[in-house]
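Below is one structure; the comments refer to it alone.
The values are calculated or read from the model by the stated rules, or taken from the named source; none is laboratory data. Not measured: the values here are computed from a predicted model. In this analysis, Cβ positions are derived from the backbone assuming ideal geometry, glycine residues included, and neighbour counts consider all displayed protein chains. Side chains included, ligands, DNA and RNA excluded: accessible areas come from the protein's heavy atoms. Shrake-Rupley method; radii C 1.70, N 1.55, O 1.52, S 1.80 Å.
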Amino acid sequence: MSLLAVERAVTVLTARVVEVDGLLARVAVLLNPYDVRELALSLDQGELRVVVEGNGFDANRVAARLNKVIGVLEVTVS
């Protein structure tokens, strides 16, 4: 029996941040119901990284939601 790796589509959103108090909680609420697999905040780099799994959602809509969070700047999608 061999194990096959399942390829899953993921979208990575990265944003510069300038204010971090309560940032992860605000982002988590805004990203519901997306299948968020990673939510990481680097204080050294001033960067928020969000990994969303799956197809069938509009990455630009997710980026627009992130742009509404106080302290989030320049969201990019890859």
Margin query: Quick check on segment 33-42. Is at least one of its residues at pLDDT 90 or above and out of contact with any strand residue (DSSP E or B) (no Cβ under 6 Å at 6 or more places or on another chain)?
Written below: yes
Notebook entry, point to check: Do you know which residues across segment 1-23 are among the aliphatic types (A, V, I, L, M) and either in contact with a Pro (Cβ under 8 Å, 6 or more places away or on another chain) or closer than 15 Å to Lys68 by Cβ (or both)?
Noted result: Leu13, Ala15, Val17, Val18, Leu23
Check: Restricting attention to segment 12-21, does a residue exist that is among the hydroxyl-bearing types (Ser, Thr, Tyr) and loosely packed, with under 10 Cβ neighbours inside 10 Å?
Finding: no
Check: Within segment 47-61, is even one residue open to solvent by less than 60 Å² (accessible area, probe 1.4 Å), part of a strand (DSSP E or B), touching a strand residue (DSSP E or B) at 6+ places or on another chain (Cβ under 6 Å) and more than 23 Å from Val6 (Cβ to Cβ)?
Finding: yes
Check: Which one of Ala40, Ala25 is free of Cβ contacts under 8 Å to residues at least 12 places away in the same chain, in a strand (DSSP E or B), of a type outside the set (S, T, N, Q) and loosely packed, with under 12 Cβ neighbours inside 10 Å?
Finding: Ala40
Margin query: Could you go through segment 65-78 and let me know if any residue there is open to solvent by 50 Å² or more (accessible area, probe 1.4 Å), at pLDDT 90 or above and either among the β-branched types (Val, Ile, Thr) or in contact with a Cys (Cβ under 7 Å, 6 or more places away or on another chain) (or both).
Written below: yes
